[in-house]
1. Report, by residue number, each residue of the stretch 7-51 that is modelled with pLDDT under 75, surrounded by fewer than 17 Cβ atoms within 10 Å (Cβ to Cβ) and not in a helix (DSSP H, G or I).
2. Starting from the stretch 45-61, take each residue that is within 24 Å of Ile127 (Cα to Cα) and list its partners that are of a type in the set (Lys, Arg) and outside any helix (DSSP H, G or I), counting only C-beta distances under 8 angstrom and pairs at least six apart or across chains.
3. Given the residues Asn128, Asn87, which is the only one that is surrounded by 14 or more Cβ atoms within 10 Å (Cβ to Cβ) and at pLDDT 60 or above?
4. Which of (1) of a type in the set (Val, Ile, Thr); (2) under 26 Å from Lys47 (Cβ atoms); (3) modelled with pLDDT of 90 or more is the odd one out, the single condition Val150 does not satisfy?
Amino acid sequence: MKRIFTILSAVALLVGMSACVTTGKTPAQKRESVQTMRTDALTELFKMKPDVRAQIKSAAGYAVFSNANINLIFASFGAGYGVAKNNTTGKYTYMNMGEVGLGIGAGVKDFRIVFVFHTADSLSRFINKGWAFGVQADAAAKGGKKGVAVGGEATVDNTSIYQMTVTGLALQATVKGTKFWRNTDLN
């Protein structure tokens, strides 16, 4: 019973954390908050990997997400928000994300994910179907400007994926299911 309470408390905390991240009462204010997160994340990524700027410009589109993740011994939970941009049309699609995983780990991590879609099909599949499944092993220890962030870079289904840890302390090896979906309130 204590374990179930701990897991439910972690999920409630995570949902609360992700809800607080997008500030504003109106949809317009929330969209502005998401766009600010997008700009900040891209600025940080371009500092670490300047070549990604050209990659994004020549791509069919890209997406940027903010995610808070809690790892409790054998279970991992995450929630976040973000936006995908179609470079051909200039249209933004506001989205949510959620993840559940099994594996060994402990800690809390706040990170950003940038997807670069090299084809229109991969962008369309992401926006319209939104599923991703993956195995993750990482270590992160960062607080503000101090600490170390071991991020990842991968290419799957004509999509390059970059992950940057913002804050948190986590050591994990998990198998996760992640769902991305359109935010009906912001689109």
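The values are calculated or read from the model by the stated rules, or taken from the named source; none is laboratory data. Only a predicted model underlies this, so the values are computations on that prediction, with no experimental measurement involved. No Cβ is skipped: glycine too gets one built from the backbone with ideal geometry, and neighbour counts run over all protein chains shown.
1. Thr23
2. From residues that are within 24 Å of Ile127 (Cα to Cα), the pairs are Leu45/Arg112; Gly61/Lys85.
3. Exactly one of Asn128, Asn87 is surrounded by 14 or more Cβ atoms within 10 Å (Cβ to Cβ) and at pLDDT 60 or above, namely Asn87.
4. Answer for Val150: the failing condition is (3).
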